[in-house]
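Right, one structure below, let's go through it.
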């Protein structure tokens with residue numbers, strides 16, 4: 001079966017590319033003949049998602065190339081099914097939908113939010129549950145959903161409205177959490193069309209919980225340091241928690257981004273020791289996770305899943321996070337981590353979660369064991385088997401091609 005995998009960039013810019021880097025070799029093992037089509041988003045890292053694939057796998061890119069010429073080459077390859085992972089150009093996406101049956105993996109709020117953040121910025125950051133519609137234009141500026149230009153708001157609204165129309169044409173829409181499934185159901189897709197397949201990580205979970213060898217008081221934040229990730233709330237939260245626990249807590253930022261200076265300045269203001277490693281490789285990131293007492297995921301937008309929490313769970317590192325988006329898929333409060341209220345998120349609420357996680361050594365050990373069990377439960381084999389079944393089902397239902405009418409209405413993958 002020929003599977004054309006479509007995504008924005010060959011560079012590992014975020015969770016979608018991390019997911020594909022782990023998925024592609026497993027799809028080949030399942031029997032897929034792969035080809036890759038990249039959009040024109042520039043890479044921000046040197047890591048590529050297709051490093052495990054042989055050079056004989058066909059690859060095309062839209063960057064600097066006329067789309068018509070690229071699509072003609074794709075058409076000549078004759079894919080049996082398309083697996084779309086977030087191409088930004090709606091014109092190209094619509095043309096691709098005419099080539100073969102198609103599945104979409106919605107890694108973000110595609111077609112459901114003007115800005116794509118699904119979050120109000122004012123009066124305090126909080127998740128938004130509105131269904132995309134004209135009223136969103138009225139909220140965009142006063143609630144700072146995105147930028148401050150009415151023209152930009154109108155342009156993005158038209159783009160997202162069109163994307164939602166295109167989403168409805170896929171035979172199946174795959175998402176990584178029940179939260180994302182509910183989001184698309186609220187936007188009018190049928191229950192049979194939207195399926196949740198929980199993510200997996202490239203990391204292999206430990207077979208058993210290792211003896212604790214953590215640095216007492218070390219709290220990690222891992223990933224890109226942007227406003228949406230909520231890192232500026234962490235110093236105050238850790239300062240509050242430190243006073244209540246009566247022991248020092250310190251912060252390590254494993255990653256980088258535009259919010260790094262603000263986080264460091266606030267840490268100094270709250271007398272929290274902070275260290276930033278910058279971007280590191282997988283082995284060094286794992287080493288930091290093994291040495292930490294707690295992972296902090298203070299995202300103030302509704303994370304569609306939050307893959308870093310599952311990555312940490314592979315080594316038995318529990319997390320504290322705001323209760324937003326798909327975080328509950330891997331952070332079960334009192335079992336694999338602790339959650340703080342997310343609407344609105346606050347440093348005080350996050351501090352409460354940190355105290356619950358660290359107040360008792362026995363409870364912290366319980367959370368470590370629960371985190372590892374979560375990682376062991378979310379196995380890649382299950383995800384790949386279910387996805388493979390969906391791809392095969394799409395090929396076997398050519399009459400539904402490009403119509404958005406799911407084959408096998410009311411059925412579910414094995």
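All of the numbers you see were taken from the coordinates with simple rules; none came from a lab. All of these numbers come straight from a predicted model, not from anything done at the bench. Heads up, the Cβs are rebuilt from the backbone with ideal geometry, glycines too, and the neighbour counts pull from every protein chain shown.
General observations
- Ordering 272, 114 from the fewest to the most neighbouring beta carbons within 10 Å gives 272, 114.
- Stretchable slack from residue 94 to residue 366, in nm (0.36 nm times residue separation minus alpha-carbon distance): 93.0 nm
- When restricted to Cα atoms, the chain yields an Rg and a Dmax of 21.6, 67 Å, respectively.
- Kirkwood-Stokes translational diffusion coefficient of the range 84-201, alpha-carbon pairs, 20 °C, 1.002 mPa s, µm²/s: 144
- The Kirkwood radius of the range 182-266, taken over pairs of alpha-carbon atoms, gives through the Stokes-Einstein law at 20 °C and 1.002 mPa s a diffusion coefficient of 129 µm² s⁻¹.
- Anisotropy class of the range 218-377 from Cα gyration tensor, a/c 1.5 cut: rounded
- Residue with peak Gaussian network fluctuation, the chain [Cα springs, cutoff 10 Å], from 258, 380, 90: 258
- Ranked 92, 70, criterion: other C-beta atoms within 10 Å, fewest first: 70, 92
- The P(r) of the range 24-115 has a tail past 18 Å containing 51 percent of all C-alpha pairs.
- In the chain, the DSSP-assigned H stretches of four residues or longer account for a calculated mean residue ellipticity at 222 nm of -11500 deg cm²/dmol, using -39500 (n - 2.57) per stretch and the full residue count as denominator.
- Added length on full extension, which subtracts the Cα-Cα distance from 0.36 nm per residue, residue 65 to residue 151: 28.1 nm
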